[in-house]
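Visitor: To start, I am sharing the structure in question, which I have written as structure tokens.
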Amino acid sequence: MEEKEKSKFRFRLTIGNKILGGFLILIVLFVVNGAIIFWKGNEINNVVNSSSLIYRPSQDAIKEFVLLVTRSKMLVTNWVYLQTNQEDKNALRQLQDYDYPALRDRITKLMPTWESDSQRAWMDTVFLKFDTLINEVQKKSVMANLQSFENYEDPLTKLLAEDAVESQVIPRTTDLINRLNRIARKQDDVTERSDVEIKDSIKSLQTYTLVLGSSIILIGLLSALFLRRSITRPVNFLKNVVIKLGKGELIEEKGTQFSNDEIGEMATAMDNLVTGLKSTSLFAENIGGGNYQMEFKPLSEHDVLGNSLINMRNNLSKVSEDDKKRNWATEGLARFGELLRTNNNDLAKLSDEIIGSLVKYLKANQGALYIVDDASADEEQTMSMKACYAWDKKKFLNHKIYKGEGLAGQAWQEGDTVYLTEVPQNYVRIVSGLGDANPTSVLIVPLKVNDQIFGVVEIASFIEFQDFEIEFVQKIAESIASTISSVKVNARTQRLLEESQEMTEQMRAQEEEMRQNMEELQATQEEMQRSQAETESTLNAIHGSLAVAEYNTDGSIMKINSNFLEIFGYTQDEILGEHHRILTTKEEKNSDEYRQFWRDLSAGYPKKGTHKRINRKGEIITIRSSFSPIKSRSGEVVKIMEIAYELK
């Protein structure tokens, strides 16, 4: 009887806790529902306040500004055409001095709350243009010029004012209205969006309320079913386990879930015991089979068997992991050693092979190889990117890095490894077809051998590098530096050899060219000598048989031969320096044809024909003459030669 009462008491206590838990869940849901309603109501209130205090006042102010601009155009037009309309004139002054400044102050206070920077910029432009329109056009060009009756009676003043209205006020007002309409449309969109947000928030509040209400009802029903099932299920499970344990059997794991009450705790403890024993045996089997990655949780911190198995697993796993790291590094060194041996003739190809293979072997995402540029002793050393993998190559093409410049330059200067796990934003981006992201880690290792640095290798990855990977890259960097040194020496030797061969070929070509030039020069000299001899023979023949005279371009006689003196009967002293007209008849020397004759010769046109001439005795003789202008190398006529003979 006492056992039954005790059991009854425990049963009631458990049910009470569960019922209390169910009610607490419902209360929490009600609180959540109230919080969401309050949150949504506050959101709606904020949108309504923004609409009433910012959006709609801004919308009304802009529309009022449009009306004010239109009204200013109307009033200034009336100022010009309605001389006696003093009411409109006062209204215009009122608009300029009070209405517009007040409206501008209102809009200026609202502008900082506008969402669009372009909308504020447009409004600043409108203010500036409207200020210019008022001060420069309305006041100076219209109002200042039309103050009195005499001003209106002055046709020129009235015409200038009318022209200001037509060409300045109306077009500028139209432009201002268009600009304000564009701002107003922008503000209308903001106001309309605010109204839509209010409607969406109200609709969302209704949806949340409906969903939470339905959830409360559903959870209430599920809680009742759960309370009903959670009583007998742990008891039956506990009975079966006890029976099988009494037979020495370990039941299979069924993944049964239990409620958090006394019976459930007992059933859970029994289930955990069986599951733990089974997990312990399975864990031991996996350790024996070399599987050290299997997760195992002891039954408690005092589980001697489970903790001993974990310690054994950790020790064996550490030994196995160290072996994998050593094998990985050894295999990598062998692979890169072969790569460096087979590509040591072409630095560009070697660089591409190195960085591509290194990024893939490390399972990184991006890499670049910088090599120190060859420079003279008086030049500052730089290094350039020679190869990259998955890098934004165009951005860094032909980009030179100086010592201490950036992380790569710092690693070069200090000769030490740089490893970053907190990479600054926009330092480098890893890009794919779907997007880009900042790397998790960046490793920069100098290519150093015998304390001499030949470059820097930089690798970026989405995962952090392990210590053994960093050590591996440092060892590879030393091998790369040694190979680059050898490649550079070979390339320099090859380049010097090619330059020497090229200079030898150039000297041979120059020697051959000089020999050919000497032969051509000798042939030219021989040809000139032959031509000169022929020319002298020809001139001697002409002087021996014909009369020859040379004249300046003005017609004065410079030189004559004996045949010429014999025909005309003069001596050289008598005729040298005289003009050619001494040999012509009086009619010819005074004629225009004679003057044109010498102008044509001076211009380079040859002449020939039969002419009447007068000798020293005054006798008329007939000669056949040919006049030839003699030109210099520049084409200028320097003298005129006449070759003649007498016709008997």
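The values are calculated or read from the model by the stated rules, or taken from the named source; none is laboratory data. Fair warning: this is a prediction, and the values are worked out from it, not measured in the lab. Cβ sites come from the backbone with ideal geometry, for glycine too, and all protein chains shown count toward neighbours.
Visitor: Of everything in segment 329-354 that's of a type in the set (S, T, N, Q) and either more than 17 Å from I484 (Cβ to Cβ) or under 32 Å from the mean Cα position of the chain (by Cα) (or both), which residue is surrounded by the most Cβ atoms within 10 Å (Cβ to Cβ)?
Guide: Here is the first cut: in segment 329-354, the ones of a type in the set (S, T, N, Q) are 330, 342-345, 351.
Those still in the list that are either more than 17 Å from I484 (Cβ to Cβ) or under 32 Å from the mean Cα position of the chain (by Cα) (or both) too: 330, 351.
On the way: T330: 11, S351: 24.
Ranking the qualifying residues of segment 329-354, first place goes to S351.
Visitor: Return a yes/no flag: does segment 520-531 have any residue that is within 12 Å of M641 (Cα to Cα), among the small types (G, A, S) and over 60 Å from the mean Cα position of the chain (by Cα).
Guide: For segment 520-531, residues within 12 Å of M641 (Cα to Cα), among the small types (G, A, S) and over 60 Å from the mean Cα position of the chain (by Cα): absent.
Visitor: Looking at the structure I just gave you, is T14 modelled with pLDDT of 80 or more, of a type outside the set (D, E, K, R) and surrounded by 14 or more Cβ atoms within 10 Å (Cβ to Cβ)?
Guide: Spelling it out, it is not the case that T14 is modelled with pLDDT of 80 or more, of a type outside the set (D, E, K, R) and surrounded by 14 or more Cβ atoms within 10 Å (Cβ to Cβ).
Visitor: Another question about this same structure. Restricting the search to segment 141-182, which residues are in contact with a helix residue (DSSP H, G or I) (Cβ under 6 Å, 6 or more places away or on another chain) and surrounded by fewer than 11 Cβ atoms within 10 Å (Cβ to Cβ)?
Guide: Across segment 141-182, there are no qualifying residues.
Visitor: Determine whether segment 586-595 contains at least one residue that is closer than 21 Å to Y645 by Cβ and in contact with a Pro (Cβ under 8 Å, 6 or more places away or on another chain).
Guide: Taking every residue of segment 586-595 in turn, none turns out to be closer than 21 Å to Y645 by Cβ and in contact with a Pro (Cβ under 8 Å, 6 or more places away or on another chain).
Visitor: Restricted to segment 172-184, and to residues that are under 35 Å from the mean Cα position of the chain (by Cα) and not aliphatic (A, V, I, L, M), which residue is farthest from T113 (Cα to Cα)?
Guide: R179
Visitor: Only one of these is surrounded by 12 or more Cβ atoms within 10 Å (Cβ to Cβ) and hydroxyl-bearing (S, T, Y): Y98, Y81. Name it.
Guide: Result of the check over Y98, Y81: Y81.
Visitor: Oh, and also: Does G577 qualify as being surrounded by 15 or more Cβ atoms within 10 Å (Cβ to Cβ) and at positive phi?
Guide: no
Visitor: Suppose we filter T493, T440, T483, T421 for residues that are without any contact (Cβ under 8 Å) to a residue 12 or more places away in the chain and in the same structural domain as S351 (by TED's automatic domain parsing); which single one remains?
Guide: Going through T493, T440, T483, T421 in turn, the sole match is T493.
Visitor: Ok, one more. Please determine whether any residue of segment 585-605 is touching a helix residue (DSSP H, G or I) at 6+ places or on another chain (Cβ under 8 Å), part of a strand (DSSP E or B) and farther than 21 Å from T538 by Cβ.
Guide: So far as segment 585-605 goes, no, none of its residues is touching a helix residue (DSSP H, G or I) at 6+ places or on another chain (Cβ under 8 Å), part of a strand (DSSP E or B) and farther than 21 Å from T538 by Cβ.
Visitor: Against the definition (among the basic types (K, R), modelled with pLDDT of 85 or more and either on the phi > 0 side of the Ramachandran plot or surrounded by fewer than 18 Cβ atoms within 10 Å (Cβ to Cβ) (or both)), how does R106 come out, yes or no?
Guide: Yes.
Visitor: Hey, could you check segment 630-645 for residues that are over 16 Å from N563 (Cα atoms) and in contact with an Asp or Glu (Cβ under 9 Å, 6 or more places away or on another chain) and say which is surrounded by the fewest Cβ atoms within 10 Å (Cβ to Cβ)?
Guide: I630
Visitor: Among what's in segment 355-376 and is surrounded by fewer than 16 Cβ atoms within 10 Å (Cβ to Cβ) and not small (G, A, S), pick the residue that is modelled with the highest pLDDT. Break it down stepwise before answering.
Guide: To start, the set of residues in segment 355-376 that are surrounded by fewer than 16 Cβ atoms within 10 Å (Cβ to Cβ) comprises 360, 363, 373-376.
The next check asks that each one be not small (G, A, S); those that pass are 360, 363, 373-374.
On the way: K360: 86, K363: 83, D373: 80, D374: 76.
Per the criteria, the residue is K360.
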